Amino acid sequence: MRRNRQYNRRSNAMILLILLLIHLTGCSLALPEQKSGGDEFCGAYLVFPGDGSTYNELISSGFGVNSKGEIIQKKDNILEGSYGNDTVSFEGIDGYFIGFLKEENKDDKGIGVIADDGFSDVSNQLKVSDSGNEEIGEATFLLPTDCMSSFRAYSVYRRADGSFYLINNTQGVHIGDGSADSEYTVTIGTSLSENMDKQIMNTKKTSIKITVRLVDPVKKLVLKEMNEQDEVIATTEIRNGKEEKIPYKVMAQTSYVLVEETLSNKEKGDYMKRSVFSFGKENKYTHQCNFPGEKADIGILTLEISK
């Protein structure tokens, strides 16, 4: 399975205090208890509960998901995870991981942002100031407008022994009757402080910012090659074969291309969206198409149109 990845070196620092900070656009969240003992915040686990599907039906009798989508465990308030194939997963919970990890089978000791399929626009930036450094991993997750009613982003921690766990400490974000291009943002992070003589000498912040955006998925995608007389000289339907990119080269006599996308929306019904790409000084274009993904997500297909 492919993973989105953005790379940036990080160095380890002594952690004297870990404070989990959660900021959610439009909602207020309770702060969880402070974590200690060398555990390190490393990412977030995005979950879509309460949609009537099979998501989050936990096999183990030790945990469950209630009607609000909260992960329930008999002991403590954490759920053990496992690491493999460049991701962190949690048995019985269907979700999407994004976080700061070292990619497997790599000799370099640097740590970068790794994100599961479903995330797009993955980026990693380091902000340096006199008070300390802040490393921010960001990504966008596309959802069909009529697919889900809520989502949750759970904090994921890594222990000194390399094991992972998830904290059930967050409230859900209700999407409601959102329209296409509506966005919902959640930021999860930690502030790590180094103290000397009871004074803060340096602060290191780490955060993951997830933007969930609603889009109307593509049902049908057609490319029409047009000549200078505005006549159609070629028509090609592009089918979703789960590719990430599809190169498309037009004929020599093509003046411009019409990209016609039939989009699906339960409220409005199917409708047409057209994009035009003209050839002149520019002979190469890219166009993003949002097909339904394998699970809750949208699978992004990039058309590479050239002449």
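Among the strands (runs of 3 or more DSSP E) confined to the range 202-265, the ones with at least 2 residues that are among the acidic types (D, E) and open to solvent by less than 50 Å² (accessible area, probe 1.4 Å) are located at 256-263. Does E134 satisfy the condition of being in a strand (DSSP E or B), among the acidic types (D, E) and modelled with pLDDT under 85? Against the criterion (in a strand (DSSP E or B), among the acidic types (D, E) and modelled with pLDDT under 85), E134 qualifies. Among residues of the range 267-289 that are under 28 Å from L214 (Cα atoms), those with a Cβ under 6 angstrom from a residue that is open to solvent by 60 Å² or more (accessible area, probe 1.4 Å), sequence gap 6+ or separate chain, pair up as T286/E304.
Answer yes or no: is there a residue in the range 194-201 that is at pLDDT below 85 and not in a strand (DSSP E or B). Even if it seems obvious, please write down each step before you answer.
To start, the set of residues in the range 194-201 that are at pLDDT below 85 comprises 194-201.
Remaining after also requiring not in a strand (DSSP E or B): 197-198.
Among the residues of the range 194-201, at least one is at pLDDT below 85 and not in a strand (DSSP E or B), which makes the answer yes.
Given the condition buried (at least 23 other Cβ atoms within 10 Å of the Cβ), aromatic (F, W, Y), over 18 Å from P217 (Cα atoms) and in contact with a strand residue (DSSP E or B) (Cβ under 9 Å, 6 or more places away or on another chain), answer yes or no: does some residue in the range 130-141 qualify? Checked against the condition, which is being buried (at least 23 other Cβ atoms within 10 Å of the Cβ), aromatic (F, W, Y), over 18 Å from P217 (Cα atoms) and in contact with a strand residue (DSSP E or B) (Cβ under 9 Å, 6 or more places away or on another chain), the range 130-141 yields no hits at all.
The values are calculated or read from the model by the stated rules, or taken from the named source; none is laboratory data. All values derive from a computational prediction rather than experimental measurement. Positions of Cβ are generated from backbone atoms using ideal geometry, with glycine treated the same way; all protein chains shown enter the neighbour counts. To get the accessible areas, we keep the full protein, side chains included, count just its heavy atoms, and leave off ligands, DNA and RNA. Shrake-Rupley method; radii C 1.70, N 1.55, O 1.52, S 1.80 Å.
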